[in-house]
Amino acid sequence: MNTEPILPQPSRAGGLYTPVVIHQGIAYVSGQLPRMNNELQFPGRVGADIDLATAREAARLCAMQALATLDRELGGLGRVIRLLKLTGYVACTEGFRQQPAVIDAASEYFNEVLGPRGAHARSAIGVFALPHGAAVEVEITVAVRE
């Protein structure tokens, strides 16, 4: 496990919500879009505008943003006990059926950075559209030390 992952600058909240809520040792990280320097990367729909490989890059960037947001809230990832749940949303065409392959890139990133603490339950969901036209969105639920 890497002790000091290189994380992007967390994006600003894009609405009236809290990026991370911690309650009774569980951190709920709001959905993260594939942003770098607060600019959306990878807009479009998978299967029409974006191919599988590019969608996987978007999912990885979403995962990086999720950890960056959590890192900022916790003051470091050392308080992370375990990633509990990853929910990934893929904006895609009706015929696209590889949502799990897209979200695998986020799962791989969490396992790479958190090691055994990165093992998680998961949902990979295809949707018609995501905020700001993003191709992928990722949210996580994490057990943390108080």
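The values are calculated or read from the model by the stated rules, or taken from the named source; none is laboratory data. Only a predicted model underlies this, so the values are computations on that prediction, with no experimental measurement involved. All Cβ positions, even for glycine, are placed from backbone atoms using ideal geometry, and neighbour counts span all protein chains on display.
Here are the numbers for the structure shown:
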read-out	value
Enumeration of residues in region 108-146 that are of a type outside the set (A, V, I, L, M) and within 19 Å of I6 (Cβ to Cβ)	E108, Y109, F110, N111, E112, G115, R117, G118
Hits in region 125-138 - residues which are buried (at least 21 other Cβ atoms within 10 Å of the Cβ) and among the hydrophobic types (A, V, I, L, M, F, W, C)	A134, A135, V136, V138
Tally of residues being of a type outside the set (K, R) and within 19 Å of F110 (Cβ to Cβ) across region 10-40	16
T141 being in contact with a Phe, Trp or Tyr (Cβ under 8 Å, 6 or more places away or on another chain), surrounded by fewer than 21 Cβ atoms within 10 Å (Cβ to Cβ), within 14 Å of V29 (Cβ to Cβ) and modelled with pLDDT of 95 or more	yes
Test: residue in region 64-78 that is more than 15 Å from L130 (Cα to Cα) and touching a Gly at 6+ places or on another chain (Cβ under 9 Å)	yes
Region 102-127, residues that are within 27 Å of D49 (Cβ to Cβ) and in contact with a strand residue (DSSP E or B) (Cβ under 7 Å, 6 or more places away or on another chain)	V102, I103, A106, S107, F110, R122, S123, A124, I125, G126, V127
Selection status of V113, part of a helix (DSSP H, G or I) and closer than 25 Å to A13 by Cα	yes
Residue within region 50-58 that is touching a Pro at 6+ places or on another chain (Cβ under 9 Å) and within 27 Å of V80 (Cα to Cα) present	yes
Where E57 falls short, out of the listed (1) within 22 Å of G133 (Cβ to Cβ); (2) free of Cβ contacts under 8 Å to residues at least 24 places away in the same chain	(2)
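For every residue, the table says whether it meets (1) touching a strand residue (DSSP E or B) at 6+ places or on another chain (Cβ under 8 Å); (2) surrounded by fewer than 21 Cβ atoms within 10 Å (Cβ to Cβ); (3) assigned to a strand (DSSP E or B).
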{"residue": "L7", "(1), (2), (3)": "no, yes, no"}
{"residue": "Y17", "(1), (2), (3)": "yes, yes, no"}
{"residue": "I22", "(1), (2), (3)": "yes, yes, yes"}
{"residue": "A53", "(1), (2), (3)": "no, yes, no"}
{"residue": "T69", "(1), (2), (3)": "yes, no, no"}
{"residue": "Y89", "(1), (2), (3)": "yes, no, yes"}
{"residue": "E94", "(1), (2), (3)": "no, yes, no"}
